[in-house]
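All of the numbers you see were taken from the coordinates with simple rules; none came from a lab. Everything quoted here is computed from the prediction, not taken from an experiment. A quick note on method: Cβ atoms are made from the backbone with ideal geometry, for glycine too, and the neighbour counts reach across all protein chains shown.
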Amino acid sequence: MLAGTAQAAPEHGIAMHGAPKYPANFAHLDYVRADAPKGGELRRALTGSFDSLNHYVIKGNPGAGRELVHETLLKRAWDEPFTMYGLVADTVETPDDRSWVAFTIRPEARFHDGSPLTVDDVIFSFETLRDKGRPNHRLYYRKVTKVERVGSRGVRFTFQPGSDDRELPLIMGLMPILSRSHYTTHTFDESTLTPPLGSGPYRVASVDPGRSIVYERVPDYWGRDLAINRGQNNFERIRFDYFRDSNVAFEAFKAGQTDIRQETNPTTWATGYDFPAAKDGKVVLEKLPQGRPEGMSGYVLNLRRELFADPRVREALGLAFDFEWINANLLYGAYARTTSFFANSELAAAGEPTAAERKLLDPLKAQLAPAVFGPAAMPPSTDGSGNNRANLGRADQLLKDAGWTIRNGKRRRADGTELAFEVLLLSAQDEKVALTWARSLERLGVTARVRTVDSSQFELRRRTFDYEVLVHNWGVTLSPGNEQAHYWGSAAAAEEGTRNYIGLKDPAVDQLITQIVAARTRDDLVAATRALDRVLRTGHYVVPHYYLPEDRVALWNRLAHPDVMPTYGYVIETWWQDPAKAATNPR
């Protein structure tokens, strides 16, 4: 008998900590309209391009919509920190020590060609993603020591002894299920525009390479009546159109060629919606509430470049970023400053370390900067007047202390090396802010060259760590876990395709990530995450940006959504087309 077997029992769902919110007999999620009408088309805009429909390898630039096609064993509820309910799996079973997890596959689960989704497909998916998939899959699945069939519909994954990773049962529940039969005639680890065989509510209807992907709803989708799906997947067709840049995408929205736009440009929000359809109410602007944590967003300093090895240099670069002036003069005062890697949540460190945080930090004291044990590091602030003299004076002294002095107007070391770097951008709308930072750095004798590239080049350079500074936003949840190793772990620093864009290799960070995934209670998780946040913030690895406190959405009024927004913000799968509005406001 496996350790913990006596304590395990099949359940309808699993929470990272505590019990699931919804009981076994729940009818639907609280943030859906259960009887939402079906039909119509949702058109969405993306910038850039794509050249593949294979989302599970790092080759190529995959198009949007993966989640529409491939189902997972469990499905997440967005009004809980991290809880999952049965989807392909009817039940999930794990012991108290979470040393293994077992799933029972629903007999009605089907791929789009009508073939049954079986345990063999689950095992094939695990082995294929573990051996040939993206780095995050390989990182997670290598902690599985054994996979075995249990009866005709069960599959059990046993984890490494002593791994103490309580998130792994949920991670396995997120595994997308691939068709073993499909890949007997198709190559898995290549980019391709051949539509994959999936089991989800939609399938690929048409592809115009680099320009658009259209998905159509599967009329006999096997999971349409499950409680976890009720009130969702309401559009008959979903279309993703790709545009050269955000300006072109906005013109397409104004013309009614796309239906919804999440507006992140404060200038456009304040001044751009003065066209006829917005004035007569056909286009509606909404501020939708959200309670999700905001991950770190900002200028990432690549530690793989020797220029950024000294933390004094990194801190000095941050002192030249005048958020208050930028927010008031370029961003219409709409933004809040990103102060934490887990901003806008209880996970963000504040003030002096608590006793629970010190219990985790004290054993690492020899490896940590003394500042970690003081008040949590905060980004510099100004009075917003544009007179950033005090911060620039501090920056100048830090650079001098680090051996960088000004000669002939340029900041140089004794060996003549100039403090100069390129800031890599994806969107032209980021240029004003980046150029403002560059002008401030110029006053310090530092040269920052701002360069905007297309999506394919940006993704290639980001994936291969071929940059000095780039803009990035790490998404986080209320239940951080194994993805933190993908973001900051030492093993991820040298592996292309991970999100350790900083290039961070820090044994203390690795140890704190281990504490996060081992946390048995919510309080333990919060303490470990705050401790990690303190260490990351003290390192000055990112020049923090800003975030919007709410989701700003512009939509054509033929779209409708539930009144209730979940914690993580609006979920587009719960939206629908209003038949009456569509009739009076056609495309």
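Can you tell me the FRET efficiency between Arg149 and Arg237 if r is taken as the Cβ-Cβ distance and R0 is 30 Å, rounded to the nearest 0.05? In this case the efficiency is close to 0.20. Mean residue ellipticity, 222 nm, helices only, the chain: the sum of -39500 (n - 2.57) across DSSP H runs of n ≥ 4, divided by residue count and rounded to 500, is -7000 deg cm²/dmol.
Only beta bridges with both residues in the chain are counted; by DSSP, about 80 percent of them are antiparallel.
Hey, of [x] 95, 57, 52; [y] 74, 65, 43; [z] 106, 77, 45, which did the structure itself give for Cα extents along the principal axes in Å when calculated? Correct label is [y]. With the simple model of a label 7 Å out from the Cα in the direction of the Cβ, Ala255 to Glu108 spans 4.4 nm.
Highest mean packing first, where packing is the average number of other Cβ atoms within 10 Å per residue, the peptides 551-560, 197-206 line up as 197-206, 551-560.
The ranking of Ile260, Ile406 by Cβ neighbour count inside 10 Å, starting from the fewest, reads Ile406, Ile260.
A simple packing score, the average count of other Cβ atoms within 10 Å per residue, orders the peptides 407-416, 80-89 as 80-89, 407-416, with the highest score first. A simple spin-label model places the labels of Arg439 and Lys21 4.6 nm from each other, with each point 7 Å out along Cα-to-Cβ.
Here the 3J(HN,Hα) profile of segment 272-284, calculated from phi with Karplus coefficients 6.51, -1.76 and 1.60 at θ = phi - 60°, is x, 9, 10, 8, x, 5, 6, 5, 9, x, 6, 10, 10 Hz, Gly and Pro shown as x.
With point charges of +1 on the Cβ of Lys and Arg and -1 on the Cβ of Asp and Glu, referenced to the Cα centre of the chain, which listed residue (Pro169, Gly416, Ser181) lies farthest in the positive direction of the dipole? The residue sitting farthest along the positive end of the dipole is Gly416. Take the residue pairs Lys254/Lys282; Lys59/Lys132; Lys146/Lys505 and return only those whose Cα atoms are more than 18 Å apart. Beyond 18 Å: Lys146/Lys505.
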